[in-house]
Amino acid sequence: MLGKKKQKPRRSPGHFDTLISGKTTVEGDVHFSGSLHVDGTIKGRVVAEEGSDAVVRLSEVGEIVGDVVVPHIVINGKVKGDVHASAHLELAEKAVVTGNVYYQLIEMAMGASVNGNLVRKDETSGLLTHEQKQSDSSIEGEDEDKSE
């Protein structure tokens, strides 16, 4: 129809591209795109492909020992490391995070626990930091000129 935007096809909630089963332990970093469901253990970082709309779901029997850097994250198990969700983070009732949590949008159920800091990331925070560094370096340059 005219005037309607095309929407991306949504993944069905039960469909995942990759599954790490309960009897599996992965040692080393996991880089992926699409969707990842973890029932087992990952000892290493979990990182989504840059610019992807990836999703990781950690079940109540799953565990990740390392940082998680994914746009959409659903945790119902244990994470020992920092969690970086650039889009959406859901902490279900059995979620236990030991580390700092960086999020854009968070949903936390009663019973979930975070042993670390909760830090909200603004979309403009990286830009502000970059602009501040530039202005700081230009001020330092002016100070050097005055001292000569």
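The values are calculated or read from the model by the stated rules, or taken from the named source; none is laboratory data. Nothing here was measured: the structure is a model prediction, and the numbers come from that model. Cβ coordinates were reconstructed from backbone atoms using ideal geometry, including for glycine residues, and neighbour counts include every protein chain displayed.
Being more than 12 Å from THR18 (Cα to Cα) and of a type in the set (A, V, I, L, M) is the filter; apply it to the stretch 32-57 and report the residue that is surrounded by the fewest Cβ atoms within 10 Å (Cβ to Cβ).
Result: VAL47.
Name the pairs whose Cβ atoms lie under 8 Å apart, with the first residue in the stretch 12-23 and more than 16 Å from ILE64 (Cβ to Cβ) and of a type outside the set (Val, Ile, Thr), the second part of a strand (DSSP E or B) and modelled with pLDDT of 75 or more, and 6 or more positions between them or separate chains?
As it stands, the answer is HIS15/SER35; ASP17/PHE32; ASP17/SER35; ASP17/LEU36, since those pairs meet every condition given.
For the stretch 11-22, how many residues meet the condition of being polar (S, T, N, Q) and part of a loop (DSSP other than H, G, I, E, B)?
Restricting attention to the stretch 11-22, the residues satisfying the condition of being polar (S, T, N, Q) are 12, 18, 21.
Those left that are additionally part of a loop (DSSP other than H, G, I, E, B): 12, 21.
Within the stretch 11-22, residues that are polar (S, T, N, Q) and part of a loop (DSSP other than H, G, I, E, B) number 2.
Looking at this structure, is LEU118 modelled with pLDDT under 90, surrounded by 10 or more Cβ atoms within 10 Å (Cβ to Cβ), on the phi < 0 side of the Ramachandran plot and of a type in the set (A, V, I, L, M)? Break it down into steps so the answer makes sense when it comes.
Values: modelled with pLDDT under 90: no; surrounded by 10 or more Cβ atoms within 10 Å (Cβ to Cβ): yes; on the phi < 0 side of the Ramachandran plot: yes; of a type in the set (A, V, I, L, M): yes.
No.
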